[in-house]
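Only the coordinates and a few stated rules stand behind these numbers; no lab work does. Keep in mind that what you see is a predicted model, and the values were worked out from it rather than measured. No Cβ is skipped: glycine too gets one built from the backbone with ideal geometry, and neighbour counts run over all protein chains shown.
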Amino acid sequence: MTGLVPMDVSGRLGRLVERLATEDAPWLLVSNRANILYLSGFTGSAGHLLVGEHAVLVTDGRYTEQAPAQIDAVGADVEVVISGQLTSVLNDRLGSNTTLGFEASTVTWADYQRMAAALKCDLVPLDGVVEALRERKDPGEVDRIGHAAAIADAALAEVRPLLLESVTEAHFGLELDTAMRRAGAEERSFETIVASGPNAALPHARPGDRAIEPGDLVVIDFGAMIDGYHSDMTRTFSVGEPDDFAAELLAVVTEAQRLGCELVAPGVEAKAIDHACRSSITVAGFGEYFMHGTGHGVGLDIHEAPAVSSRSQTVLESGHIITVEPGVYVPGRGGVRVEDTVAVTDDGYSALTRYPKDLAVVVEQ
Ligand code: ZN
Ligand code: ZN
């Protein structure tokens, strides 16, 4: 997408090499696709990026033109080698007298066996090295997630009237996805969740053929993607005036989410956000029905570091982008979740998803 703040892609390889100096290997074979995109700008579905004294992308003949063009466009210093023989290229470049780190969460057992048999150098598992660099976003990344979030906001506003037309969950989800694509999203962030009535009690329900009816709570969790960057938001609507139970759930979760967001600032422990949401819901009597963590990092992956949970060790820093998404799910009766994607700033936070939360009740005019 044009008109966005540029990203600092070219500086990322240098930061990775600095980081490798504190690890067990001077070279890293990057196999995770999001990590390859982050470091080089290359979006192809096949390829490995060797990073050390210099950087080499090994990919196949389908990407002869695309790979150098994408790498040039972001100004990354990466040599492109077209070859179907990754291990021969690695042996050529590394020889026997060094150690190569590999991404243990991405490389399969079969790939590892092949590399171990063919490579002359030593192999050592490394994990989370590039992911750690990805945690804090540069202004160009914040801008992309912000644009994705704005597209999601606008798409929801556009299709919201359908909630009054007895459409199925699947139909509503398809219209929402289509509205995001029309507004410029390159993809949806993940399979859109539209969970109505009793289905709203299932945190990750798939949209089905249940028709949305007056009296339902409808949980809608979705996001848009720009340049590989995701947004993530949830709103819960009451179709028609909510009964006392639904009104209480909406009020409890909306208040918990507000309290969680208000805490977001650099220097704050991520687990304190979780604690604020959880204790507010617990005091209201629904603690046992909030059975997931409060949030997660968002970026090139929809779920990435840092976690916002009771076990998180992260202290928030400016540049972190996280979700705040408490929920209450009462089996057989319904559920409510409210979620924003927020960026940690130098002195607090900025909500990237801005669709209002006080319009949860949808009533025919
Ligand atoms: Zn979500
Ligand atoms: Zn989320």
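Peptides 301-311, 81-91, ordered by how many other C-beta atoms sit within 10 Å of their residues on average, highest first, read 301-311, 81-91.
For the chain, what is the percent of antiparallel DSSP beta bridges, rounded to the nearest 5? Show your work: numbers first, answer last.
Numbers: 40 of 54 bridges.
If we restrict to bridges inside the chain, about 75 percent are antiparallel.
Between segment 25-77 and segment 303-319, the C-alpha centres lie 28 angstrom from each other.
Considering only Leu250, Leu217, Leu94, the Gaussian network model of the chain with Cα springs below 10 Å gives its largest mean-square fluctuation to Leu94.
Annotation: peptides 137-147, 114-124, ranked by per-residue average of other Cβ atoms within 10 Å with the highest first, follow the order 137-147, 114-124.
Candidate cross-link partners of Lys137 among the lysines, defined by an alpha-carbon separation under 21 Å and a same-chain spacing of 8 or more, comprise Lys271. The alpha carbon gyration tensor of segment 139-362 gives principal lengths a ≥ b ≥ c with a/c of 1.5 or higher and a/b no greater than b/c, which makes the shape oblate.
Helix-only mean residue ellipticity at 222 nm, the chain, DSSP H runs n ≥ 4 weighted -39,500 (n - 2.57), per residue, nearest 500. What is it? Please report the intermediate quantities before stating the final value.
Working: 10 runs with 120 residues, N = 365.
-10000 deg cm²/dmol, from helical runs alone.
Taking a ≥ b ≥ c as the square roots of the Cα gyration tensor eigenvalues, with a/c under 1.5 meaning rounded and otherwise prolate when a/b beats b/c, else oblate, which class fits segment 12-134? The shape class here is oblate.
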